Amino acid sequence: MHRSRAKYVIEIIIHALFWLGVYYAFKALTASSYSMVIDHGNGATQRMDVRLLFPYSGMVLGSLILLFYSNTFWLFKKVIRYKSNFPRVAVITGWFMLLFGMNYLLIRTLIGPSGSIHHPQNIARFEARSDTALLGTPPNMALHETRPHIAPPESPLPFVGSPGGNWLHMQLIMALVFLSVLAIAAASFFIKEWIRNDLTRSQAQAQQLDTEIRLLRSQVNPHFLFNTLNNLFSMAQKKGHEKLADSISKLSGMMRYMIYESNTDTVPLLREIIYLEDCIALNKLRYADSEVAVCFSHPAPAIIAGISIAPMLFVPFLENAFKHGVSIGHHALITMDISVGQKKLIFTCENADHSAVKKLEEEKGGIGLENVRRRLELLYPGRHELRAGREEGKYTVNLQIELA
């Protein structure tokens, strides 16, 4: 907790120092320096060096801050989901031009159409240094430019936006600063995304390794177990217990799927559906026909051919529907549906919500909702949406996954 808080404090300090540096760098880039030589009429001359600072640096800084954080916390996260590079560049460029144009119009409005500052002491800051020299000078005051023309302080002071000033030069500086901030924002965002994705991959690999280790621990001589199930299947057939034999066959197929076939990153959706059907059949054996009814609808095999998903993804919802949505002595209905369309898979599960049933989130053992959410974050980051909760006396689950 303290380490996380210290991390945020350090990040805030770094950002504050960065914007402080941007502010002073922008002031230095937009400052104008002039030299004036004044004849006092008695043979003495006075040279004055004047430095005019851009009066709207704070306003430009606000636009730069808006450009930086609106891109890093909002726009980049949106455009990164686009399939093509053209709309990404178009959206980012459009947002950049909008902010730059707003900044341009606002400053142009404050400067006015003439671009003159009649009261420089209220708008601009001067840094003057005068030197008196007893040298011959022209009879009138002379002005030697080191940057755009400036008149004596007694007369109206043309600003860089005036026709006699260099407004184009100022806009080029602003455009360069805006582009630099946009480049820094892009670099900051994509570096963080790279670090986050790398961490997510590491966590996924660690979880996969942990799952495999647990699976190996649970595989206590699987060949002996399968041989035993085959023997029980043969005995049940010989005794004429076809229902029992069918159940043993389904259990054997489910275990074979869990131990051997689900050790890959993805499995065919059809194979996962077959597993769910076998799981439904075995769970219904614990209850009377009047106590539970399951309605499971899914697309035809030809429609979902070639579609693959992560293995064992829907099983936790089905198991929790049986465990928490079925009560002995009461009729319960479990409705489950899988549909595919427009490169999206939608899974829904709905079961009765008895008053004595625990919420899925409160489950202490097994696979809780938070673990399912975590697995989805690792397997389908940014490509899924899971909603689960009570609605009108029922517990509903809606999971949507964007297919690759």
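The values are calculated or read from the model by the stated rules, or taken from the named source; none is laboratory data. Every value quoted in this text rests on a predicted model; they were computed, and no experiment measured them. Because the Cβ atoms are built from the backbone with ideal geometry, glycine has one as well, and the counts that use them run over all protein chains shown. To get the accessible areas, we keep the full protein, side chains included, count just its heavy atoms, and leave off ligands, DNA and RNA. Shrake-Rupley method; radii C 1.70, N 1.55, O 1.52, S 1.80 Å.
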Failed criterion for G136 (all others in (1) open to solvent by less than 90 Å² (accessible area, probe 1.4 Å); (2) modelled with pLDDT of 60 or more hold) = (2)
request  = Just need a number here: residues in region 81-113 that are touching a residue at least 12 places away in the same chain (Cβ under 8 Å) and assigned to a helix (DSSP H, G or I).
outcome  = 14
remark   = Going through region 301-314 in order, the residues found to be assigned to a loop (DSSP other than H, G, I, E, B) and in contact with a Ser or Thr (Cβ under 7 Å, 6 or more places away or on another chain) are A310, P311, M312
ask   = Among the residues of region 54-64, is there at least one that is open to solvent by 30 Å² or more (accessible area, probe 1.4 Å), out of contact with any strand residue (DSSP E or B) (no Cβ under 6 Å at 6 or more places or on another chain), free of Cβ contacts under 8 Å to residues at least 12 places away in the same chain and closer than 30 Å to L110 by Cβ?
value = yes
request  = Could you check how many residues of region 315-342 are hydrophobic (A, V, I, L, M, F, W, C) and either assigned to a loop (DSSP other than H, G, I, E, B) or open to solvent by 50 Å² or more (accessible area, probe 1.4 Å) (or both)?
outcome  = 3
inquiry  = I'd like to verify a number: residues in region 321-365 that are acidic (D, E) and either over 23 Å from A281 (Cβ atoms) or at pLDDT below 75 (or both), how many?
reply    = 4
message = So S32 ticks every box in (1) among the hydroxyl-bearing types (S, T, Y); (2) under 13 Å from V177 (Cα atoms); (3) in contact (Cβ under 8 Å) with a residue 24 or more places away in the chain but one. Which box is left unticked?
response = (2)
Selection within region 373-399 - open to solvent by 50 Å² or more (accessible area, probe 1.4 Å) and part of a helix (DSSP H, G or I) = R373, R374, R375, E377, L379
query = Name the residues in region 236-250 that are open to solvent by less than 100 Å² (accessible area, probe 1.4 Å), more than 13 Å from D278 (Cα to Cα) and not polar (S, T, N, Q), would you?
reply = A236, G240, H241, L244, A245
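Residue-by-condition table, conditions (1) under 16 Å from F314 (Cα atoms); (2) among the basic types (K, R):
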residue: N231; (1), (2): no, no
residue: L244; (1), (2): no, no
residue: S247; (1), (2): no, no
residue: G253; (1), (2): no, no
residue: R256; (1), (2): no, yes
residue: I259; (1), (2): no, no
residue: T266; (1), (2): yes, no
ask   = Within the set of pairs 6+ apart or on separate chains, which have a first residue in region 167-190 that is open to solvent by 30 Å² or more (accessible area, probe 1.4 Å), a second that is of a type in the set (D, E, K, R), and C-beta atoms under 9 Å apart?
value = W167/R108
note = With the first residue restricted to region 321-348 and required to be of a type in the set (D, E), and the second required to be open to solvent by 50 Å² or more (accessible area, probe 1.4 Å) and not in a strand (DSSP E or B), Cβ contacts under 7 Å at 6 or more apart or on different chains are none
